[in-house]
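**Student:** Please find one structure pasted underneath; my questions will follow.
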There are 4 protein chains.
Amino acid sequence: MRDSRSVAVVGVTGYTGLELARILLRHPELSPPVFYVRETNGAKCLAELFPQFRGWGEAPLRPLSVDAITSSRAGTAFLATPHEVSAEIAPALLDAGLRVVDLSGSFRFRSAQTFTSWYKLPAPHADWLGEAAYGVPEIYSNEIAKARLVANPGCYATSVILALRPLTEEGWIAANTSVVCDCKSGATGAGKDPRRDLHFVEVDENFKAYNLFTHRHTPEILEHTGLNEDQLVFSTHLLPLARGILSTIYVTLDQPQSAQDIEALYRKYYAGRKMVRIWPAGTLPELQHVAHTNFCDIGFALDKSGRRLIIVSCLDNLGKGAAGQAVQNFNHMLGIEEHISLQ
Amino acid sequence: MRDSRSVAVVGVTGYTGLELARILLRHPELSPPVFYVRETNGAKCLAELFPQFRGWGEAPLRPLSVDAITSSRAGTAFLATPHEVSAEIAPALLDAGLRVVDLSGSFRFRSAQTFTSWYKLPAPHADWLGEAAYGVPEIYSNEIAKARLVANPGCYATSVILALRPLTEEGWIAANTSVVCDCKSGATGAGKDPRRDLHFVEVDENFKAYNLFTHRHTPEILEHTGLNEDQLVFSTHLLPLARGILSTIYVTLDQPQSAQDIEALYRKYYAGRKMVRIWPAGTLPELQHVAHTNFCDIGFALDKSGRRLIIVSCLDNLGKGAAGQAVQNFNHMLGIEEHISLQ
Amino acid sequence: MRDSRSVAVVGVTGYTGLELARILLRHPELSPPVFYVRETNGAKCLAELFPQFRGWGEAPLRPLSVDAITSSRAGTAFLATPHEVSAEIAPALLDAGLRVVDLSGSFRFRSAQTFTSWYKLPAPHADWLGEAAYGVPEIYSNEIAKARLVANPGCYATSVILALRPLTEEGWIAANTSVVCDCKSGATGAGKDPRRDLHFVEVDENFKAYNLFTHRHTPEILEHTGLNEDQLVFSTHLLPLARGILSTIYVTLDQPQSAQDIEALYRKYYAGRKMVRIWPAGTLPELQHVAHTNFCDIGFALDKSGRRLIIVSCLDNLGKGAAGQAVQNFNHMLGIEEHISLQ
Amino acid sequence: MRDSRSVAVVGVTGYTGLELARILLRHPELSPPVFYVRETNGAKCLAELFPQFRGWGEAPLRPLSVDAITSSRAGTAFLATPHEVSAEIAPALLDAGLRVVDLSGSFRFRSAQTFTSWYKLPAPHADWLGEAAYGVPEIYSNEIAKARLVANPGCYATSVILALRPLTEEGWIAANTSVVCDCKSGATGAGKDPRRDLHFVEVDENFKAYNLFTHRHTPEILEHTGLNEDQLVFSTHLLPLARGILSTIYVTLDQPQSAQDIEALYRKYYAGRKMVRIWPAGTLPELQHVAHTNFCDIGFALDKSGRRLIIVSCLDNLGKGAAGQAVQNFNHMLGIEEHISLQ
C-alpha cells in the first residue's frame, strides 16, 4: 500500500525545504512529491508559492496534516520542520508505516538528556531516539539502509565529522591536545525568518563569530568523532555569502606523518564514496568548488614537523549539509545508487 | 536661550539616523549632539546601543520626549523619524523656537493633497507645509538659509533632480518626449526593519525592480524638475550592496548639442558647488566614487545625433541622499561653509 | 561516420565554456563530450584543469586542433572561443561535415559590414554568414533545426529580443518614440581574463554604466526586433554579482492597452515555449528566479494611461544568455525536446 | 630646512596608498602631502589619476625620484611601495635627513636572515634593520616617538599581536600548548594587481584558506608575542568582502581564569589606548564595527573550565592594519595625539 517511490515533503518554506524540493522534483526514481506546509495561503501547487519553480514545480501543495500524509500512498516522509514539529509528527508517521528522514535535531542523539540540555526542548519519544540512524552515509550506510527513521545531521557537524573520523578511527590524534574546529557558514544556514541580524546590510561586508562554546552541533561532533569534551573546541562564524560551510580544523598528531600517509588514510577511508572528494596533498578546496553540489571536499596542509595538521573541509550547507544528504540517505533506504539526483 | 550650535537628533536607530550621528559627532562647530530614541533599553549613551561608536560616540541618549527637547538649549532638531512621527512632533518643536531639518517625506510638498495621495497618511499641518524649504542646497540655498523648517529630499529624488534641473531650467528637453529615470539603490535605502525581502539571502546575488510607476519620490521629482506627469517615467531597483544610488536618465534633446555644450551647461549650473561633481565628457562616475561621501557625481554620454542623451547620476543614499544633505542644509542654516564635516 | 550524439567543445576555459561543460556532462542523450583547449598544461581530463569537476568531469581534454576534431566522430562542435578563433575554425569544421554552434559574435549578422564595423575585426567567410541561423529558438526554431551553423546570440540581446519581439511583431510600439533598454549584467558576462576593473574590490559594493551607445549587441537587437537605429537606446551596467542579466525596457504603446491584453499577447507568443516564463500582470521577476537556470522570465508594469509600458526581462547570462541557449539550440538540431538537460 | 608638517607619500596606487592619501589629505596638522608614483601617466594631481578624489584631492602628484623628495622640504616620507623598492629608497631618504614610515615588510625584522628566508629577497641594509622601530604604538610608543625609521607591521600580525600580547606578557598561556590563530581577511589585503584568483567571480560567494604554515607575517607574530615556532599555528583565509580582518585565536591558559579577570587584564594593558577597544565579556566584535576605522576591537569567550579561551580580534586591514596605523605612528613621531585624523 505504501509506495516506496512516493514521498511526502513536510515544511518546504525554509531554505532547506526549497533545496529539497529542487532535488526531489528532478529525482528520476520518484513520482512527483507531495508538499505539505503549515500555511498554503490558498496555493495548490508549489510554483504558486515559489514562482521560481514555475514550469517545473507544478507539484501539489497541501496544508500540513498527519492524517493526510498517513492516508496517502507515501512510503517516505522528509521532515524539514522545526525540532518540536519533527518530534511531534515523526512518531505518528512511523507508526503508520512510513519511513522518515528528519532534517531537524530531534532524533540525532541516543540520549534524551543530551537533546534536552542542548536544545532546551522536551525530549522526543525515547523509543525512536534509540532506533534512529545517524545519517552520514559514508560512515553508517548499513544502518541507514535498514533504518525506519534517519536523523539527518547538522551542517557543521557533517563537515567536521567527515574531516575527523578517519583520524580518530585510526587513533592518530595526540591525547590531551585540543582539536580546534573553526567553522564558517553562509547565511542560508541561519534560516529564513526575518531577523535584524540577518538583514542584508548586517551581513554584507561583515563577518563575525557566534555561539562560541555553545553551538548545538557540539554533541553530534563529540558522539561521532569520539573526541571528548575537553579536547574539542568548536566555533562558528557567519560569512557574507549565501551557501556553503568551510571548516578549518587544527589537529596535533600522535606521531609524525608524511603528507602522503595522510592523503592515503583519507583515500582509503572514503574509497568508493563518490560524495567525499579528497584533494591531493598541497592543494586545498574552496567553497566555490562545492556550492550547489552534494560534495564534501577535504584537503589538508601539514607542517614541517609532520605533527601539526590543518584540515580544510567544505560543503554546501543546503546540499551535503542538509537536503542533499537527506536525499543521499533516502537513496540508501531505497537501495539505489547514493548519488542519484545529486550531480 | 536656544544655542544654534547645540542640536537634538531624533530617531537614531535607522541607517539614516546612524549616519547622521557619525557626521554630527565629528562636526567641528557643534557641541556634542543629544540623541533621542523611542526605546533606549536602558542605555544612557549612544555607544551603549551601538557598540561601533565606542570610543567616540559617548554622546547622551535619551528617551524621546518633545518636552525634553524643547526645554533643552538645542537650536536645531534633526528628525530621522517615520513620516507620521515627524508630522506630529515637528510643529511642536518649531513652536518652541527650534529650527527643524526633517528627513521624512512629511513636509516635502506644498500641497497637502499630494502628500496624502502618495503616502496614504493624514496631511501634516498646512501652515508648515507652506513654510518648509525643500532641501537641495544647490538649488534652494537662499530659502534654506532662512528657513525654520527644511524638508530634506528623498534619496532617489536628489539624484534625479540634480541631474535634470540644468536641462529643464534651460529648456533643452524636447516637448512630448519621455524622460526615463532608471534608478538603482543599495539596501540601506530600504530601511533597517527586518523584512523577509531584505534578508541577506534574498538580496545577495539578486537584483530586482520594484514600485514601478508608484514610487513616492515621483511627486518630488515632478515638482522640482518641472516635468509633467506624462513625461516622467521613474523606476526603482534594489542592488545587492549596502550604500549608493545610481540613476541612469534618458533624455531627448530639443536641439542637437555637442558634448562640450552639455558639459559646459552643467559646469555653469553647479559652479562653486563643491558637493556636485561634473565628470568630463566621455567619462562616467561609478557608485564606488561616492560611497561614504556627500558628493553627487554626474556624467553623461551623447549619441552621434547629438539629441539622445544619457545622464548618469550617483550619490550615497545615506550621504547626499539623506544624512549628509541634512547636515549640508544645516550648515546653510548656520551660515557656515556647506561642506563642513562632510569631507 | 559522424555521430550526432558525439560532440566536441572548443574553448572550455572561460565562464561560458565551463557552464557548457556542466550542462553537456549531464546531457542524457550524449556520449561524454571531448573538450579542446589551446593550453592543456599537461592535463588529460577536464577535472585536472578544473578541480570542481572531480568525480563527474572525467571527460577527455585535448589540445585544440581542427584536424583532431574533424578526424573524430563528433557530429557537432560547440565553439566557446574568441570571435577571431570562431571565424577561423568554424568553416573548416563545417567543411568536414560537422554542425557548429558558435557562441561568439562572428556569425550573428547577415552583413559582413555590420560585423566589421562593430567588432573591428576582419569579417568571417561570407558564405557562412548567409547560412547561419540566429539561435533564439523561441523565434527561429525551424531555421535552427535545419541549420548547419547556429550563431548563438549575445546575452543582452537575448534578454531584449525576447522581451520586445511580441510587441514589434504585433506593431504595438508607437512610431517615433524611443525604446529604452536599460540592461544590467553580472560579472561573469565580462569574461574571465584578469583585468583591473574586474578585480573583486572594483566590482564589490560598486555599480556602473559602461559602453553607452556603443555596445556590440546593438546590431543584433536592431536586426531581430525590427526597431530602427533612431528608436533604440541600449545601455549596459555591471552588477556586483556573478550571474544574471535583468533588462528594464521602456516602451510607448501606439494605443492604450490593458494589462490583460499585454499579458495575453506574451502568453500567446510564447505558448508551448517552456524556457520563456511570462509573469502575471502585477508581478515582476527577479534575478534570483533565473540564476542557474535556462529560463528567460518576463514581467511588466503598465501606467494608468495604458500607453507607457515597462517590461522586465531576466535570465542567467551563462544559461539562457549563452551556454544554456547553445544546448537548447543543439537539442533542436538533434530533433529532441528543447529543454533536455536544461532543468 | 626639513619641515616636520610636510610629508611625501611614495606609491599611492595600491589600496594602502589610496587609504593613506584619504587620511593624510584631511590631517589637520599637515600641509598638503606631495604624492610620488612610478607612472604618473601625465597626471599632475592626485584627482586626475583617481577621480574619486576630485574636489578634495587636488594634491600634487610627481614621478617617483629620490632626488625630488630629498630636495623638497618634506620631513617625513611614507613608503607604500613593494618590499624591494622600500629597501632601496628608504636608506637614501634617511641619509638625507627624512624620517620614514615604511609600510612594506623590509624593515620589520632585526635579523636580515629572517627577512631573506621568508621573503626570498635580498636583505635591506643591516644598519637600518637594527634601527627600525616596529610600529605597534600600543606596545612600542616610546621607540616609535624617537625613531627615524618605523616599520609598519603586517595587517594580520597587528590583529594577532594586539590580541595575544597581554596574555604572553603576563605568562598566562600554558606551555607546550598550541596557539591557533585562524585569520580571515578581505580582498583589499591581497593587493590591487589584476590576478585571476582575485577576479570578482573568483572571490564573490567564495571562501578559502591559503598560505597555510607559510604566511610571511609568521615571523612578526613570533617576534612580538614571544611565542615559539612550535606553539604558533597561523592560518589565513580570503573573505568575499573588501575591507577587514577578523582573527579567531585559540589559547589554553596555564591556570583557570574568570571572564572578569581576562577582561581586566586586557583593559589594564590597553588603558589610555584609544585605538584598541576591549569588548565586555560575553560580547564579540564584528568586522562591520571596525571597517573604515583605525580601531582594533578585541573580545573573547571562555569555556566553563576557565582554561580554554577564544579571542576575537578585528580591524580594518587598510586602517589599523596599514595606512591608519602608519599615520598613528607618524602622530607619535610628531609628538601629537595619536588619534588625530583617525576618527
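The values are calculated or read from the model by the stated rules, or taken from the named source; none is laboratory data. Everything numeric in this text was worked out from a predicted model, so none of it was measured. We place every Cβ from the backbone using ideal geometry, glycine too, and count neighbours over all the protein chains shown.
**Student:** Report yes if some residue within the range C:94-108 is small (Gly, Ala, Ser), over 30 Å from C:Ile310 (Cβ atoms) and at pLDDT below 95; otherwise report no.
**Tutor:** No, that holds for no residue.
**Student:** I need the full set of residues from the range A:125-151 which are over 23 Å from A:Ala271 (Cα atoms), part of a helix (DSSP H, G or I) and in contact with a helix residue (DSSP H, G or I) (Cβ under 7 Å, 6 or more places away or on another chain), in order please.
**Tutor:** A:Ala126, A:Trp128, A:Leu129, listed by residue number.
**Student:** Between A:Leu318, A:Leu287, which is surrounded by 20 or more Cβ atoms within 10 Å (Cβ to Cβ), touching a helix residue (DSSP H, G or I) at 6+ places or on another chain (Cβ under 9 Å) and either acidic (Asp, Glu) or modelled with pLDDT of 95 or more (or both)?
**Tutor:** A:Leu318
**Student:** Considering only the range A:152-253, give the helices (runs of 4 or more DSSP H) lying wholly within it that have at least 2 residues that are more than 27 Å from A:Asp303 (Cα to Cα) and more than 10 Å from every other protein chain (Cβ to nearest Cβ).
**Tutor:** By residue number, A:218-225.
**Student:** Kindly indicate which of A:Ala47, A:Ala80, A:Ala8, A:Ala74 is modelled with pLDDT under 95 and either small (Gly, Ala, Ser) or within 23 Å of the chain's Cα centre (by Cα) (or both).
**Tutor:** The unique qualifying residue is A:Ala47.
**Student:** Something else now. With respect to D:Glu205, determine if the residue is modelled with pLDDT of 95 or more, acidic (Asp, Glu), out of contact with any Lys or Arg (no Cβ under 6 Å at 6 or more places or on another chain) and over 28 Å from A:Gly282 (Cβ atoms).
**Tutor:** No, not satisfied.
**Student:** Is it the case that D:Asn294 is in contact with a helix residue (DSSP H, G or I) (Cβ under 7 Å, 6 or more places away or on another chain) and within 11 Å of another protein chain (Cβ to nearest Cβ)?
**Tutor:** yes
**Student:** Right, something else. Kindly establish whether B:Arg216 is in contact with a helix residue (DSSP H, G or I) (Cβ under 7 Å, 6 or more places away or on another chain) and charged (D, E, K, R).
**Tutor:** Answer is yes for this residue.
**Student:** Here's a follow-up. Take the residues in the range D:269-288 that are closer than 17 Å to A:Asp197 by Cβ and more than 9 Å from chain A (Cβ to nearest Cβ); name whichever of them is nearest to the chain's Cα centre (by Cα).
**Tutor:** The extreme case among them is D:Trp279.
**Student:** Restricted to the range A:141-151, and to residues that are in contact (Cβ under 8 Å) with a residue 12 or more places away in the chain and among the charged types (D, E, K, R), which residue is nearest to the other protein chains (Cβ to nearest Cβ)?
**Tutor:** A:Lys146
**Student:** Taking the stated definitions as given, is D:Arg243 under 20 Å from the mean Cα position of the chain (by Cα), of a type in the set (Lys, Arg) and at pLDDT 95 or above?
**Tutor:** So D:Arg243 fits the description; yes.
**Student:** For the range B:275-292, indicate whether the set of residues that are in contact with a strand residue (DSSP E or B) (Cβ under 9 Å, 6 or more places away or on another chain), under 27 Å from B:Glu29 (Cα atoms), assigned to a helix (DSSP H, G or I) and polar (S, T, N, Q) is non-empty.
**Tutor:** Within the range B:275-292 (the criterion being in contact with a strand residue (DSSP E or B) (Cβ under 9 Å, 6 or more places away or on another chain), under 27 Å from B:Glu29 (Cα atoms), assigned to a helix (DSSP H, G or I) and polar (S, T, N, Q)), the answer is no, since none of the residues qualifies.
**Student:** Out of all the residues in the range D:297-340, which are touching a residue at least 24 places away in the same chain (Cβ under 8 Å), within 14 Å of chain A (Cβ to nearest Cβ) and farther than 20 Å from D:Cys183 by Cα?
**Tutor:** Those that are touching a residue at least 24 places away in the same chain (Cβ under 8 Å), within 14 Å of chain A (Cβ to nearest Cβ) and farther than 20 Å from D:Cys183 by Cα: D:Ser305, D:Gly306, D:Arg307.
**Student:** Among the residues of the range A:30-46, write down those that are hydrophobic (A, V, I, L, M, F, W, C) and more than 7 Å from A:Arg62 (Cα to Cα).
**Tutor:** A:Leu30, A:Val34, A:Ala43, A:Cys45, A:Leu46
**Student:** Name the pairs whose Cβ atoms lie under 6 Å apart, with the first residue in the range C:206-222 and touching a residue at least 24 places away in the same chain (Cβ under 8 Å), the second of a type in the set (Gly, Ala, Ser) and not in a strand (DSSP E or B), and 6 or more positions between them or separate chains?
**Tutor:** C:His217/C:Gly154; C:His217/C:Ala157; C:Glu220/C:Gly154; C:Glu220/C:Ala157; C:Ile221/C:Ala157
**Student:** Given the condition within 14 Å of another protein chain (Cβ to nearest Cβ) and either touching a helix residue (DSSP H, G or I) at 6+ places or on another chain (Cβ under 9 Å) or more than 25 Å from A:Thr188 (Cβ to Cβ) (or both), answer yes or no: does some residue in the range A:63-73 qualify?
**Tutor:** Looking through the range A:63-73, none of the residues is within 14 Å of another protein chain (Cβ to nearest Cβ) and either touching a helix residue (DSSP H, G or I) at 6+ places or on another chain (Cβ under 9 Å) or more than 25 Å from A:Thr188 (Cβ to Cβ) (or both).
**Student:** Which residues, counting only those in the range D:254-270, are in a helix (DSSP H, G or I) and aromatic (Phe, Trp, Tyr)?
**Tutor:** D:Tyr266, D:Tyr269
**Student:** Still on this structure: I need the full set of residues from the range B:210-232 which are of a type in the set (A, V, I, L, M) and buried (at least 23 other Cβ atoms within 10 Å of the Cβ), in order please.
**Tutor:** If the condition is that a residue be of a type in the set (A, V, I, L, M) and buried (at least 23 other Cβ atoms within 10 Å of the Cβ), then B:Ile221 is the only one that fits.
**Student:** Please work out which one of (1) of a type in the set (A, V, I, L, M); (2) surrounded by fewer than 18 Cβ atoms within 10 Å (Cβ to Cβ); (3) over 21 Å from C:Ala209 (Cβ atoms) is the condition B:Met275 fails and give its number.
**Tutor:** The failed condition is (2).
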